[in-house]
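**Student:** Quick one: the structure is below, questions incoming.
Where a number appears in this text, it was derived from the coordinates with a stated rule and is not lab data. From a predicted model like this one, the values you see are computed outputs, not experimental measurements. Reconstructed Cβ throughout: ideal geometry from the backbone, glycine too, with neighbour counts over all protein chains shown.
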Amino acid sequence: MLPLEVPSPMSAAPQPFPISRQKIRRVLAVDDPSLREFMSHAEFSPEFDLIKTTLDQFLTAAFRERFDLIITSPRTTVDQDIELLECLQKWRGEGVKVIILAPQTTAQDVIAALRAHAFALFSIPFDYGSFTTIVETAISVPIWNDGIEVISAKPDWISLRVRCSMVCAERMLQYGHQLKIDVPNETRDTVLLSFRELLLNAMEHGGRFNPTLKVDVGYLRTDSMILYYLRDPGAGFDCIKAITTAQSSVEDPLANVAARIKKGLRPGGFGIHLANQMLDSLVYNEYGNEVVLIKNLR
């Protein structure tokens, strides 16, 4: 792997950054085999100009021009990419959108990327569907400041405060995938699917997708369980009634959820019902605005 030496702001080109006045977005990425074929054939909406450089040219381009999104090289480490991101933030101020690609990641890398306000983190090999979604989300946001605040974090206990927005929801789910918890894929997918539904429910019904409101999110991992905690800013709801209604209103809840999604509708109470079926424990507080979900590992 080529060494990555991040220039300090004082050593970079002294002239101000040229501001792109083009309507189309500009994305900077390293011309790497793991991305080359995919980026050439993938169809993104909205479209964007992809500027590909060698790894040696990448730093010069990142500091001398403005880009709507920067995608790092999968040949550099998370620590190197975070050093680059922090240097760009000092040089430009807030609003730098960087997607970190890395050969591999750990829970510590996830925490470090969250603290550094990276837009997203992927390890190789990554899911191209998720990658496409995150890239489209990033370039669709013209003005961006991070909506995920790290309250405290260590690999087995993470506490966050998250803005009620779809952008933050998509980013949270991708970070969740990168935790790489050492459990079977089926168990991991079950937990993340349940967490996704409850997070979106908290943001939509508790926060009305109001970006001035936030959801408290907690993650706890022990040898015997995975636990997520969510607290939304709303007044709450009758979760028992929602689950009971979902159970009794249709014969096939899964088919009903699929039909609602096809129409562009959220699963609603059916999503909570399915989460309740997939998890070992789903416990709401008295008001319905706090929830704990537990998946046992033994």
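**Student:** What is the local net charge at residue 133, summed over the other residues whose Cβ is closer than 15 Å to its Cβ (Lys, Arg +1; Asp, Glu -1)? If you can, show how the numbers build up before the last one.
**Tutor:** Values: positive: 97, 171, 196; negative: 43, 127, 136, 170.
Around residue 133, the surrounding residues sum to -1.
**Student:** Here's a follow-up. So, counting K/R as plus one and D/E as minus one, what does the shell of residues with Cβ under 13 Å around residue 54 add up to?
**Tutor:** Working: positive: 36, 52, 75; negative: 31, 32, 56.
Overall, the nearby charge balance is 0.
**Student:** Oh, and also: Would you please put 121-133, 71-83 in order of how densely packed they are, using the mean number of other Cβ atoms within 10 angstrom per residue and starting with the highest?
**Tutor:** On the way: 121-133: 16.2, 71-83: 22.0.
Order by mean packing, descending: 71-83, 121-133.
**Student:** Calculate, for residue 286 and residue 104, the FRET efficiency according to 1/(1 + (r/R0)^6) with r their C-beta to C-beta distance and R0 51 Å; round to the nearest 0.05.
**Tutor:** Working: r = 43 Å, r/R0 = 0.85.
Result of the calculation: an efficiency of 0.75.
**Student:** Take every Cα pair under 8 Å in segment 112-201 that's 6+ residues apart, average their separations, divide by the length, and report that relative contact order as a whole percent.
**Tutor:** Values: 59 pairs, mean separation 24.4, N = 90.
Worked out over segment 112-201, it gives 27 percent.
**Student:** Taking the Cα atoms of segment 53-122, what is the range of coordinates along each of the three principal axes, in descending order and whole Å?
**Tutor:** Result, largest extent first: 32, 26, 16 Å.
**Student:** Which order do the peptides 276-283, 111-118 come out in when sorted by mean C-beta neighbours inside 10 angstrom, highest first?
**Tutor:** On the way: 276-283: 15.5, 111-118: 20.5.
The peptides rank, most packed first, as 111-118, 276-283.
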